1. Among the residues of region 502-515, which ones are touching a Lys or Arg at 6+ places or on another chain (Cβ under 9 Å) and buried (at least 18 other Cβ atoms within 10 Å of the Cβ)?
2. Name every residue in region 381-417 that is over 21 Å from the mean Cα position of the chain (by Cα) and within 23 Å of residue 343 (Cα to Cα), in order of residue number.
3. Look through 227, 257, 231, 266 and report the one residue that is under 23 Å from residue 451 (Cα atoms), without any contact (Cβ under 8 Å) to a residue 12 or more places away in the chain and outside the structural domain of residue 458 (by TED's automatic domain parsing).
4. What pairs can you find where one residue is in region 301-326 and in the same structural domain as residue 86 (by TED's automatic domain parsing), the other is polar (S, T, N, Q) and crowded, with 19+ Cβ neighbours inside 10 Å, and their Cβ atoms are less than 6 Å apart, with a gap of 6+ or different chains?
5. Within region 351-372, is even one residue farther than 30 Å from residue 425 by Cα, out of contact with any strand residue (DSSP E or B) (no Cβ under 7 Å at 6 or more places or on another chain) and free of Cβ contacts under 8 Å to residues at least 40 places away in the same chain?
6. Among the residues of region 207-221, is there at least one that is crowded, with 23+ Cβ neighbours inside 10 Å, of a type outside the set (D, E, K, R) and either within 26 Å of residue 121 (Cβ to Cβ) or at pLDDT 95 or above (or both)?
7. Residue 195 fails exactly one of the following numbered conditions: (1) out of contact with any Gly (no Cβ under 9 Å at 6 or more places or on another chain); (2) at pLDDT 95 or above. What is the number of that condition?
8. Residues being crowded, with 19+ Cβ neighbours inside 10 Å and either under 25 Å from the mean Cα position of the chain (by Cα) or farther than 16 Å from residue 136 by Cα (or both): count how many of those fall in region 74-104.
Amino acid sequence: MTATTDGSTGALPPRAPSASETAAAPGARETARRASERAIDFLLSRQDSEGWWKGDLETNVTMDAEDLLLRQFLGIRDEKTTQAAALFIRGEQRDDGAWATFYGGPGELSATVEAYVALRLAGDAPDAAHMARASAWIRAGGGIAASRVFTRIWLALFGWWKWDDLPELPPELIYLPKWVPLNIYDFGCWARQTIVPLTIVSAKRPVRPAPFPLDELHTDARNPNPAKPLASMASWDGVFQRLDKVLHGYHKVAPRALRKTAMRSAARWIIERQENDGCWGGIQPPAVYSVIALHLLGYDLDHPVLREGLASLDRFAVWREDGARMIEACQSPVWDTCLATIALADAGVPADHPQLVKAADWMLGEQIDRPGDWSVRRPGLEPGGWAFEFHNDNYPDIDDTAEVVLALRRVKHPDPARVEAAIGRGVRWTRNMQSRNGAWGAFDADNTSSFPNRLPFCDFGEVVDPPSADVTAHVVEMLAYEGQAHHPRARRGIEWLLAEQEADGSWFGRWGVNYLYGTGSVVPALIAAGLPAAHPAVRRAVGWLESVQNDDGGWGEDLRSYRDSGWVGRGESTASQTGWALLALLAAGERESKSVERAVSWLAETQRPDGSWDEPYFTGTGFPWDFSINYHLYRQVFPLTALGRYLHGTGHKGG
C-alpha cells in the first residue's frame, strides 16, 4: 500500500478527477491508475531513510577487471574479492567467448582482453574451455595490439606491453595555459581527471612483475606490435601521430628538474580535487589512476589521501546474493532522487507527503556552494549547482541542476524561503553556464575543442563535453517552469533545439539511448516553453515516434543506433524508453491517440506484481557507443512519470 501524508500505510486520499482524466477511455484510465498505484508503492518503498534514492549503475566488466588489476599492482589483492569479482565476470561472458559492453551487444575486444586477464589472476587456467574460447576470439580480433590504449596501459603496468608502444602523455601538460590548444581544460571533466594522473604514470613507466605470460593473446607472440604506417601529413591523424613521436623523443631528454616539478604540480592538482569521501569526481576511473599516480610518487597506502581513496573505491562495489561482486563506475543518488521525486509528484503523491519532503531536504543539503573547475570558463559566476553523485563538489552538472529544480518545485516544503533561495542560486548558475551557441553541455561551458579527440591517446570514448539536445531541453524546461521561457537565454536554447532536429523528426540523445531519449526530452521542453502542439517540429516528432513504435505497443532503441542508422528507433521494448516516448506524445497533446493507449497497456502488462519493471537492456549513455549504462532506477521512474502525466496532465506551470 501507499504511505499517506501522515506516514501511515494506506491508499492515497481520494482526488477529484481532472478534466483531462474524464476524457480518457475508462478502460485505459483504470489500467493506468492501477499500474501507477503499484509503481508508487514500489518506489516509495525503495527510498533510503536519509531521503535519497539510488539504483545500481551497471556498466561492463572492465570496471571489475581493472579493480583486480589495481589491487594486484598495489599488492593488496585478496582471495575473497578476487573470487567474487571472477564470479561476476564469468557470468557476463558470451557463448562465443567474448564480453560485450552492454546487454545483448556484440563482443568487444578490449573488454574481453581485460576480463580474460582478470580471470587469469583469479586462477582460471588458459586451457579451460571458457578461457580458450576467449583467447581464440581475442586473436581473431587482432590480439592485444588491436585493443584500446587504456587496456594496453594496464598491461604495460605488468610488462605485458611495452611503454614505448603507447602514446606519450607528458606531465608538463599541466603547465599549458588555458588559451593553448590541448590544455587540460580543453578536455571534458571526466577525461581531465583521468589524464592528469596518467601523465604521472606515463612519465614513471612502472613495471611490476607479471604473474604469468599472455602469449596466447597475441596474433604473433614474437612480434606482438608490428609497425603501422603513418597517416598522411595532410590529415589530422598524421599530424598527431608525428606529434606523438616528438613527445616520445622528448621523454628521453626531458629536463629532470622540470619533469619532477611538473609531476609535483600534477599531484597537487589531483590532491586538491579529492572529494570529502576520498574519491575523485565521484567516478571510478579517475580514482583508480589517481591512486596509482600518487603511489608512484611515494605516497604509501597508509597515507590519508590513498587510504581514503581506496576506501572510496570499495564503496563502488555491489555484492550480490550469489556472492558475486560488481563494480559501479559511478553512483547516481542526486539524479535518481530528483527523477524519483518528479515521478511520484506527477503520479499524484501529495506535494507535502513526508517522503517527498524528506527527499527535498536531502537535495537541498546537496547543493554545491563553492567554485569548481567549471569556473575556469565562468570566473565570477556564483556557485549553485548540484552534482550527480554523493560527493563531487568540483563538478556539479547542468543536467542534474535543472532536474533538481524541477523536482523541488513539485514539493510543498515547510521552509519555502530556503527552497526559493536554493532554486534561485541553481537557476542563475545553470542559465549562465550556457555555451556561445545557445545550448548547454553537461559540466562545462564551451568545452568544444576539436583537438582532444584526435590525440592517439584518446581512443576510449568522448573526451570533450559539447552541448547536447537532451541537456539543453532539460534546462529550457526548467526555465519555462520558472516562468523564464521568454528570457533571452531560454529563447536561444529553443532556437538551437529547433535547428538540431533530425530530418526524420527526432533528436539525438547524448546521455541516453538515443533518439528516443533526445526526442522524449525535447518535445516536453518545447511545449513547456510555449510552442503549440501544432508546431511543425512537434508534429514531425510525433510522426517519427508513431512510426517507430513496436508492434507490442512499447518502444525500444538499441545502442547500435549510435553507429548504425539502421538501428535508429529500433530495439526490444523497454520500460524506460516507452516512458520517454510517452512523455513526448503526452506533451504534444496525443493523450487520446491509439499509440498512447497501446503504450499504457504495454506498461501495465509488463509490470511485475510488486509494481516494478524488469529491464536488462542498457538505456543510459556515458560515451555514445563506447560506454553504456544500465541505470536500474530508470525502469521505475520514467514509466511512472509517464503514467502520472497520462492520468493527471503534464503539470507545467511555467510560461
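The values are calculated or read from the model by the stated rules, or taken from the named source; none is laboratory data. Everything numeric here is computed off the predicted structure, so don't read it as measured data. Positions of Cβ are generated from backbone atoms using ideal geometry, with glycine treated the same way; all protein chains shown enter the neighbour counts.
1. 505, 506 - these are the residues of region 502-515 that are touching a Lys or Arg at 6+ places or on another chain (Cβ under 9 Å) and buried (at least 18 other Cβ atoms within 10 Å of the Cβ).
2. Across region 381-417, the qualifying residues are 408, 409, 410, 411, 412, 413, 414, 415, 416.
3. Among 227, 257, 231, 266, only 231 is under 23 Å from residue 451 (Cα atoms), without any contact (Cβ under 8 Å) to a residue 12 or more places away in the chain and outside the structural domain of residue 458 (by TED's automatic domain parsing).
4. The qualifying pairs are 316/284.
5. No - not one qualifying residue is present in region 351-372.
6. Scanning region 207-221, I find at least one residue that is crowded, with 23+ Cβ neighbours inside 10 Å, of a type outside the set (D, E, K, R) and either within 26 Å of residue 121 (Cβ to Cβ) or at pLDDT 95 or above (or both), so the answer is yes.
7. (2)
8. Residues meeting the conditions: 12.
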